[in-house]
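This report refers to the structure that appears directly beneath it.
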Amino acid sequence: GNTITSNAKYPLDAYCNNVRHLGTGNVLTGNGLDCILIYGRGIDSSGTWLKHSVPYLIQDNNDVGMGGDDNPVLTIEKGTTIKFGVGSSMTVGYTVNATLIAEGDSLNPITFTSASSTPQAGDWRFIWLAMGPLATQSKLTWCNILYAGGVSNEGNLLITGEALPVVQHCEIAYS
């Protein structure tokens, strides 16, 4: 229920593990850069990234890596937009267990895209559902994964190891 406006840069910034604590009903517009800046490398506790009036922005060259002894589950609320800066990525369960639940619907897809004002293929790295066995429980439905593939042999979405996620009704394009 906060109004955060007229700031030179962002209305909010947070470490990726703390985004789950952002509440509802916030007005975050009228700032120099209307987005929630996310930085840091590790999500080790379960939680939900809520849809806000502005998109999330993963800071340049950051990997939002998920995993830990508590087997975290990150849920992305339908209709949410997450923009990725140059060289940034999201990794689910690379060395330890984690699950990503990103379930949009036809009217409220979840969008993972470039932060660039003129997006190009390869603007950011990828979403990687890696080898941890809990990555098998990940779900991406009604998601748009756009303009990634910023590494020579990788695309927008990588699925490796034991990961067998549900991926349905998604647009995966512009890699």
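The values are calculated or read from the model by the stated rules, or taken from the named source; none is laboratory data. A quick note: this is a predicted structure, and the numbers were derived from the prediction, not measured. All Cβ positions, glycine included, derive from the backbone under ideal geometry; neighbour counts span all protein chains shown. Keep in mind that these areas ignore ligands, DNA and RNA; they rest on the heavy atoms of the full protein, side chains included. Shrake-Rupley method; radii C 1.70, N 1.55, O 1.52, S 1.80 Å.
All conditions but one from (1) touching a residue at least 60 places away in the same chain (Cβ under 8 Å); (2) over 27 Å from Ser53 (Cβ atoms) apply to His169; the one that does not is (2).
Every residue, every condition in (1) modelled with pLDDT under 95; (2) within 25 Å of Ala163 (Cα to Cα); (3) in contact with a His (Cβ under 8 Å, 6 or more places away or on another chain), yes or no:
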{"residue": "Thr48", "(1), (2), (3)": "no, yes, no"}
{"residue": "Val54", "(1), (2), (3)": "no, no, no"}
{"residue": "Gln59", "(1), (2), (3)": "yes, no, no"}
{"residue": "Val64", "(1), (2), (3)": "yes, yes, no"}
{"residue": "Asp69", "(1), (2), (3)": "yes, yes, no"}
{"residue": "Glu77", "(1), (2), (3)": "no, yes, no"}
{"residue": "Ile82", "(1), (2), (3)": "no, yes, no"}
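Screening Arg20 on (1) in a helix (DSSP H, G or I); (2) open to solvent by less than 10 Å² (accessible area, probe 1.4 Å); (3) not polar (S, T, N, Q) shows it passes everything except condition (2).
Conditions (1) part of a loop (DSSP other than H, G, I, E, B); (2) open to solvent by 60 Å² or more (accessible area, probe 1.4 Å); (3) of a type in the set (Gly, Ala, Ser), marked per residue:
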| site | (1), (2), (3) |
| --- | --- |
| Thr91 | no, no, no |
| Thr113 | no, no, no |
| Asp123 | yes, no, no |
| Thr136 | no, no, no |
| Glu154 | yes, no, no |
| Glu162 | yes, yes, no |
| Ile172 | no, yes, no |
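All conditions but one from (1) open to solvent by 20 Å² or more (accessible area, probe 1.4 Å); (2) closer than 21 Å to Arg125 by Cα; (3) touching a Lys or Arg at 6+ places or on another chain (Cβ under 7 Å); (4) among the β-branched types (Val, Ile, Thr) apply to Val86; the one that does not is (3). Residues that are at positive phi and modelled with pLDDT of 95 or more were ranked within the stretch 138-152; the one that is surrounded by the most Cβ atoms within 10 Å (Cβ to Cβ) is Tyr147.
When restricted to residues that are in contact with an Asp or Glu (Cβ under 8 Å, 6 or more places away or on another chain), under 16 Å from Asp13 (Cβ atoms) and open to solvent by 40 Å² or more (accessible area, probe 1.4 Å), the stretch 25-52 contains 2.
For the residues Asn62, Asn71, the requirement of being touching a helix residue (DSSP H, G or I) at 6+ places or on another chain (Cβ under 6 Å), of a type in the set (S, T, N, Q) and buried (at least 17 other Cβ atoms within 10 Å of the Cβ) singles out Asn71.
Restricting attention to the stretch 93-111, the residues being under 17 Å from Leu146 (Cα atoms), assigned to a strand (DSSP E or B) and not hydrophobic (A, V, I, L, M, F, W, C) number 2.
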